[in-house]
Amino acid sequence: MSRSDKPMPVRMVRGGPTLVPGPVDIELADGSHVVSDRFMVALCSCGKSKRYPLCDTSHRRRRRSEH
């Protein structure tokens, strides 16, 4: 059971990460774990992150300024 009887809030960001309250211990498909002690954790929803399953903002389009 969780820390309380209240549902865990999870926020989906369109085109961005899934935000979950921390700290978290994430178990990956291979059985390994990723731990974050942050108060809010951004989980990658796009699969582009080099820090997967954590978001590194790779979902953002990088624009070059043209001067």
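The values are calculated or read from the model by the stated rules, or taken from the named source; none is laboratory data. What you see is a predicted model, and the numbers here were worked out from it, not measured in a lab. Methodologically, a virtual Cβ is constructed for each residue, glycine included, from the backbone with ideal geometry; neighbour enumeration extends over all protein chains shown. All accessible areas refer to the heavy atoms of the entire protein, side chains included, with ligands and DNA or RNA removed. Shrake-Rupley method; radii C 1.70, N 1.55, O 1.52, S 1.80 Å.
Go through the stretch 28-57 and report how many residues are open to solvent by 100 Å² or more (accessible area, probe 1.4 Å), within 23 Å of P7 (Cα to Cα) and modelled with pLDDT under 95.
0
Restricting attention to the stretch 1-22, report how many residues are part of a loop (DSSP other than H, G, I, E, B) and open to solvent by 40 Å² or more (accessible area, probe 1.4 Å).
13
Looking at the structure I just gave you, is D25 of a type in the set (D, E), surrounded by 10 or more Cβ atoms within 10 Å (Cβ to Cβ) and at pLDDT 95 or above?
It is true that D25 is of a type in the set (D, E), surrounded by 10 or more Cβ atoms within 10 Å (Cβ to Cβ) and at pLDDT 95 or above.
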